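This report refers to the structure that appears directly beneath it.
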Amino acid sequence: MLLYSPEQLASESRSLSEMALDELERGNLDQVRFLLGRMSVGHIELYFGYLDWVTKMAGKILRDFGEAYFETTSGKIARFLMAPYAEGLKEGNEKKTIVDIMTLWCHQLGRIDPLGETSNEIAFSLAPCGSGGRLVLGGLYEIAPREYPRLRDGKPLFCSICQHLQAAVNEGSGKNFWSAVPDPKRTGFCRVRFSKHDARGKWLFNAEETAHHLTPRCTKALQRLENNPHDIQGLLRDQHTEWRALHDLLNLWVTALFSVIYEEQGTDYLSELVWETYVNMFDGTYRMYSMMDTKSLFRNLVRMWYYHQATFRVSEEEDRFVFHLDPCGSGGRLYRGEVLMPGVFRYGKGMLCEIREPGDITFGRAPFPIYCIHCAATNRDQYEGKPWAFIIDGEAMSDPSKPCIQYLYKKEAPRKAPPSLLTQVGLSEAKPLHKEYVI
């Protein structure tokens with residue numbers, strides 16, 4: 001049965017920022033404050049999911065191939081991803097490069113304290129760091145040392161990845177520009193320095209500018225709300241895009257790793273990598289699906305797609321909701337060459353490659369955009385007895401101009417998958433829902 005009228009569906013499909021703008025227009029400032037709280041952490045599952053996935057993949061590479069291979073692979077990826085930043089430094093754009101990196105930190109859900117600027121450098125404290133520091137503070141390297149291993153010298157794995165990014169910027173630009181050192185007195189804290197070269201002797205930021213770049217839009221909006229509420233419309237509008245640079249950098253790191261592994265280790269190992277690190281991690285989504293009603297699941301997925309940087313519309317059918325992603329905010333935007341820096345990162349340019357042979361992790365297609373293999377893997381996993389929380393039509397995005405189609409099946413609906421969707425992942429039938437997901 002249909003759960004919404006067309007008008008209700010349109011209302012429920014709004015972004016949090018659209019809701020906040022509507023409440024602001026009505027003068028409901030308490031509701032605006034509530035929505036700003038939700039918006040400030042709107043990307044939390046996606047960000048922490050990427051962070052854990054990257055670390056778990058790095059951990060598997062380290063276990064299976066050793067530290068030298070991990071270091072070599074991390075270095076390749078870092079040089080590829082940081083090349084545009086290094087080129088900017090070569091051209092003397094030190095201030096812009098610092099701002100770009102500050103923008104990444106701003107959305108890591110940690111705190112950043114300016115330590116001051118001199119004629120020679122600018123320093124900050126990540127207090128704590130919202131990425132590698134979060135993993136350390138969470139005790140994950142001790143709780144799950146197999147999935148979150150340290151290097152032989154005791155260095156946390158994600159922190160090593162970060163150091164490769166720093167080294168790639170420095171080596172690519174020919175300048176000892178960016179460094180980060182863990183705070184010896186405070187676990188999870190890190191001190192970051194940018195050494196001036198072309199800008200030596202100049203002051204690049206005043207206190208107001210620094211605060212502007214380090215303060216997320218939701219915080220700015222809350223600060224202004226009391227005095228001039230209608231001055232915050234620009235801060236609210238499309239707020240979900242604010243963390244796009246960090247989102248895209250993580251997306252590209254995953255895609256670059258997939259590409260290296262595919263070329264050097266082959267499709268079978270790539271499939272194993274995805275199943276061990278991503279599909280298993282997806283079990284949290286299935287647990288959430290089990291505990292929530294269908295309308296709550298729908299609202300949550302709408303929010304997730306906005307913060308996953310998708311452009312989409314939604315339609316409702318008797319047994320499912322249909323998300324028309326045009327494009328999907330990760331694989332779809334990358335397929336169109338729109339990720340991070342439009343036109344700079346795309347398949348067939350540099351490291352990023354498509355899979356050249358069809359298989360279960362390509363929806364039976366070839367060539368196939370390599371980032372999207374995780375969607376094929378989770379499709380198959382869901383058909384094996386898991387909730388149908390995130391089913392993809394693997395034929396829909398047959399070329400970059402086409403939208404991707406994703407289905408959220410209603411909890412009350414029968415488990416009847418179209419045969420075409422099963423065939424895409426090498427199956428002929430779907431298994432009944434496992435008992436542990438029936439609540």
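Within region 66-78, can one find any residue that is within 22 Å of the chain's Cα centre (by Cα), crowded, with 16+ Cβ neighbours inside 10 Å and under 30 Å from Arg237 (Cβ atoms)? The answer is no; no qualifying residue exists.
Among the numbered conditions (1) part of a helix (DSSP H, G or I); (2) in contact (Cβ under 8 Å) with a residue 60 or more places away in the chain, the only one that Ala68 does not meet is (2).
In this structure, is Ile361 within 20 Å of the chain's Cα centre (by Cα), among the β-branched types (Val, Ile, Thr), modelled with pLDDT of 95 or more and surrounded by 21 or more Cβ atoms within 10 Å (Cβ to Cβ)? Taking the combined requirement at face value, the residue does not satisfy it.
Here Lys185 passes the criteria (1) within 20 Å of Phe80 (Cα to Cα); (2) of a type in the set (D, E, K, R); (3) assigned to a loop (DSSP other than H, G, I, E, B) except the one numbered (1). The condition (being of a type in the set (Lys, Arg) and either crowded, with 16+ Cβ neighbours inside 10 Å or free of Cβ contacts under 8 Å to residues at least 12 places away in the same chain (or both)) is satisfied by just one residue among Arg313, Arg303, Arg299: Arg303. Looking only at residues in region 133-173 that are among the polar types (S, T, N, Q) and more than 23 Å from the chain's Cα centre (by Cα), the one that is nearest to Asn93 (Cα to Cα) is Ser173. Total residues in region 1-56 satisfying the condition of being assigned to a helix (DSSP H, G or I), hydroxyl-bearing (Ser, Thr, Tyr) and touching a Lys or Arg at 6+ places or on another chain (Cβ under 8 Å): the figure is 1.
Within the bounds of region 242-251, is there any residue that is under 27 Å from His43 (Cβ atoms), modelled with pLDDT under 95 and either acidic (Asp, Glu) or touching a Cys at 6+ places or on another chain (Cβ under 6 Å) (or both)? Within region 242-251 (the criterion being under 27 Å from His43 (Cβ atoms), modelled with pLDDT under 95 and either acidic (Asp, Glu) or touching a Cys at 6+ places or on another chain (Cβ under 6 Å) (or both)), the answer is no, since none of the residues qualifies.
In region 327-337, is there at least one residue being more than 18 Å from His308 (Cα to Cα) and at pLDDT 95 or above?
No; the residues of region 327-337 include none that is more than 18 Å from His308 (Cα to Cα) and at pLDDT 95 or above.
Conditions tested, residue by residue: (1) over 29 Å from Arg200 (Cβ atoms); (2) out of contact with any helix residue (DSSP H, G or I) (no Cβ under 6 Å at 6 or more places or on another chain); (3) buried (at least 19 other Cβ atoms within 10 Å of the Cβ).
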position	(1), (2), (3)
Ala127	no, yes, no
Gly130	yes, yes, yes
Leu135	yes, no, yes
Ile143	yes, yes, no
Phe158	yes, no, yes
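Evaluated against (1) among the aliphatic types (A, V, I, L, M); (2) closer than 16 Å to Cys375 by Cα; (3) assigned to a strand (DSSP E or B), Leu270 falls short on exactly one condition, (3). Pairs meeting the criteria (first residue in region 355-380 and touching a residue at least 40 places away in the same chain (Cβ under 8 Å), second residue of a type in the set (Ser, Thr, Tyr) and surrounded by fewer than 21 Cβ atoms within 10 Å (Cβ to Cβ), beta carbons under 6 Å, at least 6 apart or on different chains) are Ile361/Ser271.
For region 143-177, a residue qualifies if it is of a type in the set (D, E, K, R) and over 14 Å from Gly188 (Cα atoms), and the qualifying residues are Arg146, Glu147, Arg150, Arg152, Asp153, Glu171, Lys175. Each residue in region 101-125 was checked for being surrounded by fewer than 18 Cβ atoms within 10 Å (Cβ to Cβ) and either in a strand (DSSP E or B) or over 17 Å from the mean Cα position of the chain (by Cα) (or both), and 11 pass.
Selection within region 13-59: residues that are farther than 30 Å from Val279 by Cα and of a type in the set (Lys, Arg). The member of this set that is surrounded by the fewest Cβ atoms within 10 Å (Cβ to Cβ) is Arg26. Residue check: Ser195 meets all listed conditions (1) under 24 Å from the mean Cα position of the chain (by Cα); (2) closer than 30 Å to Ala86 by Cα but one, namely (1). Scan region 149-164 for residues that are out of contact with any strand residue (DSSP E or B) (no Cβ under 8 Å at 6 or more places or on another chain) and either of a type in the set (Val, Ile, Thr) or touching a residue at least 40 places away in the same chain (Cβ under 8 Å) (or both) and the total you get is 7. Could we say that Thr423 is out of contact with any Phe, Trp or Tyr (no Cβ under 8 Å at 6 or more places or on another chain), of a type in the set (Val, Ile, Thr) and either not in a loop (DSSP other than H, G, I, E, B) or not assigned by TED's automatic domain parsing to the domain that holds Val314 (or both) here? Yes: the conditions hold for Thr423.
The values are calculated or read from the model by the stated rules, or taken from the named source; none is laboratory data. This structure is a prediction, so every number in the text was calculated from the model and none was measured. Backbone-built Cβ (ideal geometry, glycine too); neighbour counts: all protein chains shown.
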